[in-house]
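Below: the structure, in structure tokens.
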Amino acid sequence: MKNIDIIVPCYNEQEVLSTFYKTTNDIVEKIPDTCFHYIFVDDGSFDDTLLILKGLKSTYENTDYISFSRNFGKEAAMFAGLSNSTGDYVIVMDADLQHPPFLIPDMVAAVNEGYDCCAAYRTNRKGEAPFRSFLSRQFYKVNNLLTSVKMPYGAVDFRIMSRQMVDAIVAMNEAERFSKGIFSYVGFHTKWIPYTNVERALGVTKWKLHGLIKYAVDGITSFSVAPLHMVSIMGCVISLMAIIYGLYIFIKTVVFGVDLPGYASTIILLLFLCGVIELSLGIISEYLARIFIESKHRPIYIAKENTTEHTKEIRNEEKNN
Ligand code: UDP
Ligand code: MG
């Protein structure tokens, strides 16, 4: 009998949680030789999410929950779930049924075939604001160009992973987490399965534009120092151009004498150089900010309640017997 843990980050998901559990469980209980266990992570919700999770825990034996002291973000919620999981395999999926549970049997089949991981990617972005889709497409392009961790366009955080892979992910304990990059960074043999995007079953998306921009910057700065190299290259190219232009002015002055007009070119050059310096400082600051945050070694999340301890003990006993 294999143990599979299903980790579900939840932030204000009161409307959808019961439907999520029933829909998912109806599917997974038909999978033979596997025992499914849920770890819901309440990411500091201010609606009745925690109350519903407590209800699920008291009604169904195969559920546990971790409740955060405040909202730490989906990345922290996934980390909490992964680091408290003890299953042979672990599934990560959203609570809003946008990650179709009917893919789970295929995912389990893939790991039974010998894959370490099976991950889903969506083939369309139906129901999403066009501007968000556009930004997202650009992000994948820039990310795949700048970093060595390649992600297929449409990759989502819906996957099954082996214990070995989960342990490798948990060992990467950086505070500013970008899981899509981490999943790819740790490697392991992954099967990709496509699905058509579905709209949220109930409730609303928790993402805001500024959050998505931060997510994209985190993604690139977590796995690539290419922007820093670009700053150096830009510095070299601009210095070279300045030397050539300086020589040109010098020769022109020597040959033709002092020429006063030149206001426009001076201003253009000045503005251009100021822009480049500002941009370079901005890029360096992004990395500095990451070093600053990582150097504090703050916990990735703070849990107020965690019911997984009991499950861990039971599994330990099972292992020892
Ligand atoms: N989520 C979370 N913490 C947050 C934001 C979101 O745990 O601060 C969870 C949310 O409850 C859901 C999943 O992450 O289960 C994906 O969030 P959402 O559906 O809002 O994102 P979208 O599907 O629009 O990308
Ligand atoms: Mg969603």
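Quick note: the coordinates plus some simple rules give every number you see, no bench work behind them. What you see is a predicted model; the values in this text were computed from it and never measured. Using ideal geometry, Cβ is built from the backbone for each residue, glycine included, and neighbour counts are taken over all protein chains shown.
Dividing the helix sum by the residues of the chain, where each DSSP H run of 4 or more adds -39500 (n - 2.57), gives a mean residue ellipticity at 222 nm of -17000 deg cm²/dmol. What is the list of residues in the stretch 56-87 whose amide nitrogen lies under 20 Å from a point 7 angstrom out from the Cα of Ala175, following Cα to Cβ? Only 68-81, 83 fall inside the zone, counting backbone N under 20 Å. Short-range pairs are left out: with C-alpha atoms under 8 Å and at least six residues apart, the relative contact order of the stretch 1-136 is 33 percent. Under 5 Å from the amide H of Gly87 lie the amide H atoms of Asp5, each residue being 5 or more positions distant or on a separate chain, with H modelled from the backbone and absent for Pro and chain starts. Take 304-317, 216-229, 64-77 and order them by the average number of nearby Cβ atoms within 10 Å per residue, most first; the result is 64-77, 216-229, 304-317.
So if I take the centroid of the Cα atoms in the stretch 64-81 and the same for the stretch 174-226, what is the distance between those two points in Å? Centre-to-centre (Cα) distance: 16 Å.
From the residues Pro261, Val90, Thr123, which one has its Cα farthest along the dipole of the chain in the positive direction, the dipole being from +1 and -1 charges on Cβ of Lys/Arg and Asp/Glu about the Cα centre? Towards the positive end, the residue furthest out is Pro261.
Computed across the stretch 34-100, the Kirkwood hydrodynamic radius from all distinct Cα-Cα pairs reaches 12.6 Å.
Under a model in which nothing but the beta-carbon of Lys, Arg (+1) and Asp, Glu (-1) is charged, the chain shows a dipole of about 960 debye around its Cα centre.
Between Val276 and Ile302, what is the FRET efficiency for a Förster distance of 45 Å, r being their Cβ-Cβ separation, to the nearest 0.05? That pair, Val276 with Ile302, gives E of 0.60. Ranked by the mean number of other Cβ atoms within 10 Å per residue, highest first, peptides 178-187, 284-293, 20-29 order as 178-187, 20-29, 284-293. A simple spin-label model places the labels of Lys30 and Ile233 5.3 nm from each other, with each point 7 Å out along Cα-to-Cβ.
Placing +1 on the Cβ of every Lys and Arg and -1 on the Cβ of every Asp and Glu, with no other charges, gives the stretch 1-48 a dipole of roughly 320 debye about its Cα centre. For the peptides 97-109, 3-15, the ranking by packing is 3-15, 97-109, with the highest mean count of neighbouring Cβ atoms within 10 Å listed first.
Based on Cα contacts under 8 Å between residues 6+ apart, the stretch 143-276 shows a relative contact order of 31 percent. For the chain, the relative contact order is 22 percent, taking Cα pairs closer than 8 Å that sit 6 or more residues apart in sequence and dividing their mean separation by the residue count. Stokes-Einstein diffusion of the chain at 4 °C, 1.567 mPa s viscosity, Kirkwood radius from Cα pairs, rounded to a whole number: 58 µm²/s. Which residue, Leu202, Leu281, Leu135, has the most motion in a Gaussian network model of the chain that connects Cα atoms within less than 10 Å? So, out of Leu202, Leu281, Leu135, the one fluctuating most is Leu281. Listed values for the stretch 12-25 are Karplus-derived 3J(HN,Hα) couplings in whole Hz (6.51 cos²θ - 1.76 cosθ + 1.60, θ = phi - 60°), namely 6, 10, 4, 5, 9, 4, 5, 4, 4, 4, 5, 4, 5, 5, and x replaces Gly and Pro. Result for the chain in a Gaussian network model with C-alpha springs under 10 Å: among Val198, Val258, Val156, the largest mean-square fluctuation is at Val258.
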